[in-house]
Every structure is written in C-alpha cells, then in structure tokens.
Amino acid sequence: MSDVFCRIWGGKEPAYVVYRDVDLMVLMDPFPLERGQVLVVPREHFQFFYEMPRRLTARFYDLTSSAARALRALYGPKAVVMLARGLRVPHYHLLLIPVREGSFLDMLFSLMDAVQGFPPVPAEAVAERYEALGHRLSAYRPTKEELLRDAEALSRLVYRELESPSTSDKV
C-alpha cells in the first residue's frame, strides 16, 4: 500500500512520533483541529475498525487510553475525544483531540446536545449554536518546533502511562 501511514511506517515520510513499537504508533497530527491532537496508527494496513485483527484490538485501545491520559496530563483539556478515521486515508487510525472550553469542538458538541435535546432547548437556540460554529471555525497550524516539543513531552508521558498499572486495574 502507498498511503501516508504506510509510508511513515516504511520510513519514507517524516513524522513527529510520540510512541512506536512493532505494531502501533502515536503521531502528532500536523493538521489538528486543536493543539495536541494525535493519531494512533497500526502498522498493519486495514481501512475500518471492524477489520482490525482481534490480536491487536486490546493493545490498540490500551495505547489509545494511555495516550489520552497523557494528553490530559500535558494540556489539561475539558475532555479528550476520539474519532475513528479510514475514509480519506484508507488506513485505519484514531484521532485523539483535546477539547478546550469554548473551542470549535466544544461548541460542536454543544450543538449536538441541543439537536439531540440534552437538555431540551428551543429551536432558536439550536440555530444560534449552529451559526456560532461558523464564527469559531479557524484552523490551528502548529509550527515544526511546537510539534517536536509536544511530541517529546507527550512521549515521556505515554511511556510512563504504559509502564504504570491501568486506571481500571486500580479500582
């Protein structure tokens, strides 16, 4: 395959690597919605999450959880959301996105809540939230220095997370 992730795995494309082992890697996203957005990418090429080999599933999501905890520790966002991808780049990957108060994603989730009635709001409020999204839509483009600095900081935290007992094991 010749998609961008296969080329990164093959060493033919540069990347800001946060974590890498024989099967999985975490990369800084050079085109994020929010600062700190990372991609969790398997080496094995498949397009959709339901095509992931069972032998890889637990490790993939364990790494994803560790990376999300590292993002929370480094950036202190309101939440870290994950979004599965595989359509535009036909190689399955997850985006982990720190959501900050008042950000585009925070406003998008507020709109989704309004549309779904959590809590019930008048139609005018839904329209206002929808319109407000257009005013907040701006792309964050990190510098190479920011990507490198963030990759190094996150790398230390992800490795620390992977070495510690999991949160669910502590309960």
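Of note:
For every residue, the table says whether it meets (1) small (Gly, Ala, Ser); (2) closer than 27 Å to ALA15 by Cα.
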site	(1), (2)
THR64	no, yes
ALA67	yes, yes
GLY76	yes, yes
VAL99	no, yes
ALA132	yes, no
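- Selection status of ARG35, of a type outside the set (Ser, Thr, Tyr), over 21 Å from SER164 (Cα atoms) and surrounded by 14 or more Cβ atoms within 10 Å (Cβ to Cβ): yes
- Test: residue in the stretch 50-61 that is under 14 Å from the mean Cα position of the chain (by Cα), within 20 Å of VAL99 (Cα to Cα) and open to solvent by less than 30 Å² (accessible area, probe 1.4 Å): no
- Members of the stretch 9-61 that are part of a loop (DSSP other than H, G, I, E, B) and either of a type in the set (Asp, Glu) or without any contact (Cβ under 8 Å) to a residue 12 or more places away in the chain (or both): GLY10, GLY11, LYS12, GLU13, PRO14, ASP21, ASP23, ASP29, GLU34, GLU44, PRO53
- Residues in the stretch 39-59 that are of a type in the set (A, V, I, L, M, F, W, C) and touching a Phe, Trp or Tyr at 6+ places or on another chain (Cβ under 9 Å): LEU39, VAL40, VAL41, PHE46, PHE48, PHE49, MET52.
- The set of residues in the stretch 1-54 being of a type in the set (Phe, Trp, Tyr), within 30 Å of GLY76 (Cβ to Cβ) and out of contact with any strand residue (DSSP E or B) (no Cβ under 7 Å at 6 or more places or on another chain) consists of PHE31 alone.
- Filter result (under 18 Å from PHE31 (Cβ atoms), out of contact with any strand residue (DSSP E or B) (no Cβ under 6 Å at 6 or more places or on another chain) and aliphatic (A, V, I, L, M)) within the stretch 59-95: LEU87, VAL89
- Residue that is farthest from ILE97 (Cα to Cα), among those in the stretch 1-32 that are of a type in the set (A, V, I, L, M) and surrounded by fewer than 20 Cβ atoms within 10 Å (Cβ to Cβ): MET1
The values are calculated or read from the model by the stated rules, or taken from the named source; none is laboratory data. None of these values were measured; they are calculated from a predicted model. Cβ atoms come from the backbone with ideal geometry, glycine included; neighbour counts cover every protein chain shown. Ligands, DNA and RNA are excluded from the accessible area calculation, which covers all protein heavy atoms including side chains. Shrake-Rupley method; radii C 1.70, N 1.55, O 1.52, S 1.80 Å.
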